[in-house]
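Working notes, structure below.
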Amino acid sequence: MALNTAPAHASARLRDDALRIWQAAVAAADSSSAVARHVRVDAAGLHLAGHTLDPARIERVIVVGAGKAGAGMAAGLESALSGTPLFDRLTGWVNVPENCVRKLQRIHLHGGRPAGVNEPTQQVIDGTDRILSLVRSCTSADLCIMLLSGGGSALLCRPIPGISLTDKLAVTRLLSRSGAPIHELNLVRTELSLVKGGRLATACRARLLVTLAISDVAGDPPQVIGSGPTVPVNSQPAAALEILERRGLLEKLPPAVLRKLQTTVERPAEPIKVPLAWQIVASNSGSLRAAALQAEQLGYHVAGVLRDVQGDAATAGADFQRRLQALRQQMRGQKVCLLAGGETTVNLASAGEYPGRGGRNQEFVLAAALAAIAGDKQNSADSLAGWALLSGGTDGEDGPTDAAGGMLDEQILQAILAGGHSIQDYLTRHDSWTLLNSAGALIRTGATHTNVMDIAVALAAN
């Protein structure tokens, strides 16, 4: 079929506007600024996470952390303490992706895993051991600060005795391929970890342990962000087994993992002896507000903001496109913006043994393309030209690819169809990257040094 299309320059303008709106969302979660805004030293003392501390009574400021935003968060903390007596007492170690490593003045950034590979490695375990050593060295004269962000679960890893890194990777891959949401992944991983679920905090004897977090999960629950290394949770082996059984994974588990979960007795969380404080410094909701403001500044009416979007990526993408089409019909003659934030999942098991290459945002966009075609057929007398849509991970990563996400409009869709491609075939194989790359429709940013889930933007103007 041939879609009715708007002039190319009009499509380009809408795409550019959508990208500017998405970029405003990412900028609002800038990790360095987010931390610096929440740490202040003045004549009254050091202010952070609702506490005011006397710098003269702090012997060391020990910083540990893990996550995709770790480099920026560490830089922001150094900036906030620069020029104060605490700067010379500052030391630390933060595990980050390899492409985020750079030289800081006081805090060491440790490359734990390659870009686009969100799994623990032996380098992550080595870095986690250094973090544990630092935390265990804390005394009541020290302040300990944990910098935590999305990707922290993979970048802070020390399996329990009897469970190997290979075992842990097998479990994570099985759950990820099954489309398990982040809270299920974290619950199972916590049962196999010496640091998750508050277990890192049990090793600390500082005067105060403060967690500064950039949230990558819906609702910002502290126990889920980075699997909650400073948030005590009860062990739940039975719940972990239930998740694995419901997803048909029990028979595929490494024997050591199955034995551990079957023989572990549920118990209360280990007591934590250090006072705890927690502060969210950036989140998806803040980025959605920034995106809405940018859209309004560009002259669009923000007609809807969908929050905490979860579930199957393709289902969510199709729904997003249909909502845009409905708004287009309802608000003729207006420049309209629809926003969404959250994090969907892709069930790779449905692709068979050899799934293609892609990520949840790219799959979201391809599914939106199918919905756009269906909508055009239903409204053949009323062109759906004059729209643009994109979805991207705010961390600059979308699955094991070099892209943050993808974009779509009638010009891109026309190019895909002109090439004779079956969008449904690519969706079935979960091969969204290949098709969007061929159409020049990928968003590539590199590491953004933050992570507040995904942001989708849809615009219409006619």
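Of note:
- Helix runs (DSSP H) in the chain reaching 24 Å along axis by Cα, Kyte-Doolittle at least -0.5: 8-28, 360-378
- Rounded Å value of the spacing that divides the Cα centres of the range 127-205 and the range 58-96: 20
- For the chain, share of DSSP beta bridges that run antiparallel, in % to the nearest 5: 45
- Put in line by how crowded their Cβ is, counting other Cβ atoms within 10 Å and starting with the fewest, HIS47, HIS449 read HIS47, HIS449.
- Mean separation of Cα contacts under 8 Å, 6 or more apart, over the residue count of the chain: relative contact order %: 19
- Legend: distances between Cα atoms for LYS68/LYS103; LYS168/LYS196; LYS103/LYS196; LYS103/LYS168; pairs beyond 25 Å are LYS103/LYS196; LYS103/LYS168.
- Rounded FRET efficiency, nearest 0.05, which uses the C-beta distance separating ALA326 from ARG205 and R0 of 56 Å: 0.45
- Within straight-line cross-link reach of LYS335, lysines at Cα separation under 25 Å, skipping those fewer than 8 residues along the same chain: LYS377
- Cβ-based exposure ranking for ILE416, ILE131, in which fewest neighbours within 10 Å come first: ILE416, ILE131
- Highest average first, the peptides 154-165, 295-306 ordered by how many other beta carbon atoms sit within 10 Å of their residues are 154-165, 295-306.
- Close amide H partners of VAL302, meaning residues 5 or more places away or on another chain with modelled amide H under 5 Å apart, are CYS337.
- Estimated inter-spin distance, ARG267 and THR428, nm [label 7 Å along Cα→Cβ]: 5.1
- Extension gain, ARG13 back to ARG444 (0.36 nm per residue minus Cα-Cα distance, nm): 153.3 nm
- Calculated mean residue ellipticity, 222 nm, the chain: -11500 deg cm²/dmol, from DSSP H runs (n ≥ 4) at -39500 (n - 2.57) each, averaged per residue and rounded to 500.
- Of the residues ASP16, ASP398, the one with the fewest other Cβ atoms within 10 Å heads the list, and the complete ranking is ASP16, ASP398.
- Put simply, the amide H of GLY399, placed in the peptide plane, has neighbours under 5 Å in ARG360, leaving out anything fewer than 5 places away on its chain.
Taken together, the values in this text are just the output of simple stated rules run on the coordinates, not laboratory data. Keep in mind it's a predicted model, so treat the numbers as computed, not measured. All Cβ positions, glycine included, derive from the backbone under ideal geometry; neighbour counts span all protein chains shown.
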